[in-house]
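One structure is given here, and the rest of the page talks about it.
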Amino acid sequence: MSFLFGGRPQPSSAEKIAAAETEVEMVSDMFNRLVQSCTKKCIPTDYREGDLNKGESVCLDRCVSKFFEVNVKVSEKMQGEAAGRAGGMGMGM
Amino acid sequence: MYSKLVQRCFDDCVNDFTTKSLHSKEEGCVMRCVDKYLKGSERLGQRFQEQNAAMMQGQMPGR
């Protein structure tokens with residue numbers, strides 16, 4: 001019944017798949033970076049034991065939280081700047 | 001991921017090139033390094049999923 005409401009063109013399934021693929025790629029790239037950063041920051045390199053100890057575990061948990069927070073902050077700031085540029089258009093790009 | 005793990009554990013554990021093969025200390029270090037890294041990335045994966053889910057929920061409430 002969507003034709004009744006002026007039918008916004010539905011994305012084709014190929015487009016949907018492409019968008020989903022991009023998304024998965026972005027998320028897995030982010031995860032790889034997170035693993036790289038957080039293990040580097042939280043796990044000392046002397047490897048005295050094969051298990052994570054309490055401190056390392058807590059550090060990893062917090063690292064994930066902060067990584068997400070930084071992610072949000074950066075994206076907000078970049079969006080703000082993009083909006084600022086769009087608002088100031090015509091004033092010498 | 002595999003090659004990254006090799007690089008990480010090699011860099012952290014092997015620094016002595018006076019012998020040709022790994023000595024037992026280096027080998028032990030590599031084993032613990034792999035163990036710890038796998039456990040760490042498992043934990044990070046869990047937290048990542050939780051955070052990601054929370055973020056998605058915040059983006060589109062009620063869905």
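The values are calculated or read from the model by the stated rules, or taken from the named source; none is laboratory data. Given the structure is predicted, the values throughout are model-derived calculations rather than measurements. Note that each Cβ is placed from the backbone with ideal geometry, even for glycine, and that neighbours are counted across all protein chains shown.
What to note about this one:
- B:ASP12 surrounded by fewer than 17 Cβ atoms within 10 Å (Cβ to Cβ) and of a type in the set (Asp, Glu): no
- Annotation: of all residues in the range B:18-63 being of a type outside the set (Ser, Thr, Tyr) and part of a loop (DSSP other than H, G, I, E, B), the one that is surrounded by the most Cβ atoms within 10 Å (Cβ to Cβ) is B:LEU22.
- Residues that are among the β-branched types (Val, Ile, Thr) and either more than 12 Å from chain A (Cβ to nearest Cβ) or not in a loop (DSSP other than H, G, I, E, B) (or both), drawn from the range B:1-17: B:VAL6
- Residues that are among the polar types (S, T, N, Q) and under 15 Å from B:PHE10 (Cβ atoms), drawn from the range A:30-45: A:THR39, A:THR45
- Residue list for the range A:42-65, restricted to those being surrounded by fewer than 13 Cβ atoms within 10 Å (Cβ to Cβ), outside any loop (DSSP other than H, G, I, E, B) and of a type in the set (Lys, Arg): A:LYS54
One line per residue, one yes/no per condition, for (1) away from chain B (no Cβ under 12 Å); (2) modelled with pLDDT of 90 or more; (3) in contact with a Lys or Arg (Cβ under 8 Å, 6 or more places away or on another chain):
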| position | (1), (2), (3) |
| --- | --- |
| A:PRO9 | yes, no, no |
| A:GLU23 | no, yes, no |
| A:PHE31 | no, yes, no |
| A:THR39 | no, yes, yes |
| A:ARG48 | no, yes, yes |
| A:GLY55 | yes, yes, no |
| A:CYS59 | no, yes, yes |
| A:ALA86 | yes, no, no |
| A:GLY90 | yes, no, no |
